[in-house]
Amino acid sequence: MSPTPESFFEAVLKGPRLVLRPYLEERDLENIAGLFQDPRVTGPIGMPDGSCPLDKVRDAKRARGASEDAGDWTVFATTAEGEAFVGETGIAGWNAETHVVEVFAAISPEYMGMAYGREAVSLLLEHIWRRSPVATARVQALSTNRHALRLAVSLGFRETGRRFVPPDPITGFPGGAGVMLDCRQHEFKPFRLQKQEPGG
């Protein structure tokens, strides 16, 4: 069981440009399923085009929603008109014994290069360390996913190991070399909005 308050996964997180709202199927499923139909998103994470149709995304989200150690937030940019869908971030798993939590993010290609991924993960990490006894945050990515690795390093993560990520018959992922990066709270470099942020 995840060592968090009951409302941990229900919190709305707000940053300078973004709002992270807990995943809600009727509001978010179609947008997130569309995200995983875009080869600019699926390519870096090793998934073949069209391998995650809406029904697979829905089933995976429902399974994660039933878990006590995982949670998803949908990322929206605040605009003059309201909120625009940007992507998602969340907690892929929480080890209560080692106090390690694995985080992830996926950003819509039209919003890449604007540091939205960095801001989203930073908001999530600040929430984690403010509300829980986590010792280490972890990111796992394919060694070829330079965007994800660069984002993690910019927030203070450092490489701690490599491993082979096995194939996944559900998504069609063929397997590949993975990099594990860890960050402790004192190493964390939170996102701070600058006049001109580089991509992230």
**Prompt:** So which residues in the range 154-200 are within 14 Å of Ala115 (Cβ to Cβ), out of contact with any Cys (no Cβ under 8 Å at 6 or more places or on another chain), modelled with pLDDT of 95 or more and not basic (Lys, Arg), if there are any at all?
**Reply:** Ser154, Pro190, Phe191
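Determine whether Ile32 is modelled with pLDDT of 90 or more and either of a type outside the set (Phe, Trp, Tyr) or more than 30 Å from Arg192 (Cβ to Cβ) (or both).
yes
Restricting to the range 71-90, name every residue that is out of contact with any Phe, Trp or Tyr (no Cβ under 8 Å at 6 or more places or on another chain) and either under 16 Å from Leu151 (Cα atoms) or of a type in the set (Gly, Ala, Ser) (or both). Outline the logic, then answer.
First, the residues of the range 71-90 that are out of contact with any Phe, Trp or Tyr (no Cβ under 8 Å at 6 or more places or on another chain): 78-82.
Across the range 71-90, the qualifying residues are Ala80, Gly82.
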**Asked** Out of (1) assigned to a strand (DSSP E or B); (2) without any contact (Cβ under 8 Å) to a residue 12 or more places away in the chain, what's the single condition that is false for Arg130?
**Response** (1)
**Those residues of the range 66-85 which are out of contact with any Gly (no Cβ under 7 Å at 6 or more places or on another chain) and over 24 Å from Glu119 (Cβ atoms), in sequence order** = Ala66, Ser67, Glu68
**Prompt:** In the range 77-99, which residues are free of Cβ contacts under 8 Å to residues at least 60 places away in the same chain and surrounded by fewer than 20 Cβ atoms within 10 Å (Cβ to Cβ)?
**Reply:** Thr79, Ala80, Glu81, Gly82, Ala84, Phe85, Ala92, Gly93, Asn95, Glu97, Thr98
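Quick check on this structure: which one of Leu155, Leu193 is among the aliphatic types (A, V, I, L, M) and within 17 Å of the chain's Cα centre (by Cα)? Let's see the steps before the verdict.
Numbers: Leu193 fails: within 17 Å of the chain's Cα centre (by Cα).
Going through Leu155, Leu193 in turn, the sole match is Leu155.
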**Item:** Of all residues making up the range 12-36, the number that are surrounded by 17 or more Cβ atoms within 10 Å (Cβ to Cβ), free of Cβ contacts under 8 Å to residues at least 40 places away in the same chain and either out of contact with any Pro (no Cβ under 9 Å at 6 or more places or on another chain) or not in a helix (DSSP H, G or I) (or both)
**Value:** 1
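Looking only at residues that are hydrophobic (A, V, I, L, M, F, W, C) and touching a residue at least 60 places away in the same chain (Cβ under 8 Å) in the range 144-171, which one is surrounded by the fewest Cβ atoms within 10 Å (Cβ to Cβ)?
Applying the first criterion (hydrophobic (A, V, I, L, M, F, W, C)) to the range 144-171 yields 148-149, 151-153, 155, 157, 164-165, 170.
This time we only want the ones that are touching a residue at least 60 places away in the same chain (Cβ under 8 Å), so: 148, 165, 170.
Details: Ala148: 22, Val165: 18, Ile170: 11.
This residue is Ile170.
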**Asked** Out of all the residues in the range 112-124, is one or more surrounded by fewer than 17 Cβ atoms within 10 Å (Cβ to Cβ), more than 10 Å from the chain's Cα centre (by Cα) and over 12 Å from Gln185 (Cα atoms)?
**Response** yes
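The values are calculated or read from the model by the stated rules, or taken from the named source; none is laboratory data. This one's a predicted model, so the numbers in the text were calculated from it and none came from an experiment. FYI the Cβ positions are ideal-geometry reconstructions off the backbone, even for glycines, and counts take in every protein chain you see.
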